[in-house]
Amino acid sequence: MQSVKVTASTQYDILIERGILKRAGELIKEYTGARRALLITDRTVDGLYSKAALDSLKSAGIDCEKFVFEDGEEHKSLKTVGDILSFAAGLNFTRSDIFIALGGGIVGDVTGFAASAYLRGVRFVQIPTTLLAAVDSSVGGKTGVNLPEGKNLAGAFHQPSLVLCDPDCFNTLSDALFADGAAESIKYGIIADESLFEIFEFGDVKGNIENIVRRCVEIKSDIVSRDEFDLGERQKLNLGHTLGHAIERCSDFAVSHGHAVAIGTVRACLAAQKLGVCKEDISERVKKTLERNELPVSTDISVHELASVMQRDKKRSSAGINLILPTKIGECILYNTDPNELESIYSL
Ligand code: NAD
Ligand code: MG
């Protein structure tokens, strides 16, 4: 088993092992002492993994109820959170009971937000079933939902009590969903670890999946422990994201998050070279690596259109906009610039 200890406002462990889902009950009992749990999942994951989770919770003596909602961003909503809160209240869940998120990033974000609000905060456990949720959304304590006005506009910082990652769950992911998680994992390599990047560049990705997840969450938790509330260094995790978000929006979300981040990462490398922040030519290496992992490296959307969307990006601060630019594979910096410069920086 691989494990990572996260030190944020609360400490918790991330345990990574093939087949760990079948041991979820005993581990949750050992780490949280909970006797009662509300398992929250979406329709697809319910059909795939709820039974294994519930069987394991039952045999560990944890009394478990289940709440299932429909897949998709439109259900990552205040309505779903309200339904969960009413469901838990109707069953008299108390402060010593826990919520368990079994699923991808949507289930994790919704469950975490509901846990942060129920009785002003109950503990929750993350069991990520997508690669993206395992390497990114299940760690760091950001929870939340979408509003009609935009994505992730309502939420809370609420750290999980435990994260259990079973890489065997990734076997049922489509290639496109696996690639979405790979894009975020490659991003961690470029930010902080060349050897992680190299697994995607020429190694056996599926054969090294436990190591990959461990390294990614170590990097994320390291950064989060220094900047839990996203005031500075945590922005590095957004490599490729400023432009990526613009691509998602300009394509009306036809381009998925991970795919958009891949394109954004290539553009960040090109911009870093152009601005002299990065001395080596890393963009070819990054492009080839993304392509090897079935990710796109370019878009037809014009830089002009992307720049105007980026200028309205919510991460813009009054002091300009921070771009995340690699100085080499394994290191990057925050580069503050005027939003009006974006079009020229990204034009090549
Ligand atoms: P998702 O949760 O929508 O999952 C994608 C699809 O895959 C869903 O239909 C789901 O039912 C299905 N699925 C999940 N596990 C599966 C499995 N093992 N086999 C087959 N199908 C499976 O999407 P995601 O990509 O996991 O997460 C995206 C969400 O995460 C976004 O809402 C994003 O905002 C959020 N996110 C949050 C953070 C954070 O820090 N909180 C970070 C990154 C992303
Ligand atoms: Mg992301």
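The values are calculated or read from the model by the stated rules, or taken from the named source; none is laboratory data. Small disclaimer: the values here were computed from a predicted structure and weren't measured. As a convention, Cβ positions derive from the backbone with ideal geometry for all residues, glycine included, and neighbour counts pool all protein chains shown. Accessible surface is based on the protein model in full, side chains and every heavy atom, while ligands, DNA and RNA are left aside. Shrake-Rupley method; radii C 1.70, N 1.55, O 1.52, S 1.80 Å.
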Report the calculated FRET efficiency for K22 and E210 (r = Cβ-Cβ distance, R0 = 25 Å), to the nearest 0.05.
0.95
Return the whole-Å distance between the Cα centroid of the range 146-214 and the Cα centroid of the range 1-45.
17
Given the Cα-Cα distance of D63 and K51 and 0.36 nm per residue of separation, how much length would full extension add, in nm?
2.9 nm
Order H304, H259, H241, most accessible first, counting only protein heavy atoms with a 1.4 angstrom probe.
H304, H259, H241
What number, in nm² with one decimal, is the all-direction average of the projected area of the convex hull of the alpha-carbon atoms of the range 23-177?
8.2
In square nanometres, what is one fourth of the surface area of the convex hull spanned by the alpha carbons of the range 65-109?
3.2
In µm²/s, what is D for the range 194-348 at 37 °C and 0.692 mPa s, where D = kT/(6 pi eta Rh) by Stokes-Einstein and Rh is the Kirkwood radius from Cα pairs?
204
Antiparallel versus total DSSP beta bridges in the chain: what percent is that, nearest 5?
45
Considering only protein heavy atoms and a 1.4 Å probe, what is the carbon-and-sulfur percentage of the accessible area of the chain?
49
Just to be sure I understand: of the beta bridges DSSP finds with both ends in the range 59-175, what percent are antiparallel, rounded to 5?
40
Using a 1.4 Å probe, how large is the accessible area of D63, given in Å² and rounded to the nearest 10?
80
Point-charge dipole on Cβ atoms (K/R +1, D/E -1) for the range 204-258, about Cα centre, debye to 20:
100
Round to the nearest 10 and report in Å² the accessible area of S9, as given by a 1.4 Å probe over the protein chains' heavy atoms.
80
Just need log10 I(q)/I(0) for the range 231-273 at q = 0.19, 0.33 Å⁻¹, Debye formula, equal scatterers on the alpha-carbon atoms, no solvent, rounded to two decimals.
-0.53, -1.04
Helix-derived [θ] at 222 nm for the chain: sum -39500 (n - 2.57) over DSSP H runs of at least 4, divide by residue count, nearest 500?
-12500 deg cm²/dmol
Loop-only check: which GluC sites (Glu not before Pro) in the range 34-106 are DSSP coil with at most 12 other Cβ within 10 angstrom?
E70
Pick out, in residue order, every one of the chymotrypsin sites (Phe, Trp or Tyr not before Pro) in the range 202-267 that is DSSP loop and has at most 16 other C-beta atoms within 10 Å; say none if there are none.
F229, F253
Translational D in µm²/s for the range 257-348 (Stokes-Einstein at 20 °C, 1.002 mPa s, Kirkwood Rh from C-alpha pairs)
157
Taking every Cα atom in the range 123-269, find the radius of gyration and the maximum pairwise distance Dmax, and write them in Å.
14.9, 42
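Quick one: Cα convex hull volume of the chain, Å³ per residue?
Enclosed volume per residue, from the Cα hull, is 120 Å³.
Please calculate how many Å² of accessible area the range 46-205 carries per residue, with a 1.4 Å probe and no DNA, RNA or ligand atoms counted.
Each residue of the range 46-205 exposes 36 Å² on average to a 1.4 Å probe.
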Provide K279, K287, K220, K206 ordered by accessible surface of protein heavy atoms (probe 1.4 Å), highest first.
K279, K206, K287, K220
Dividing the mean separation of Cα pairs under 8 Å (6+ apart) by the residue count of the chain yields a relative contact order in percent of 15
Rounded D (µm²/s) - the range 30-99, Kirkwood Rh over Cα pairs, Stokes-Einstein at 25 °C, 0.890 mPa s
190
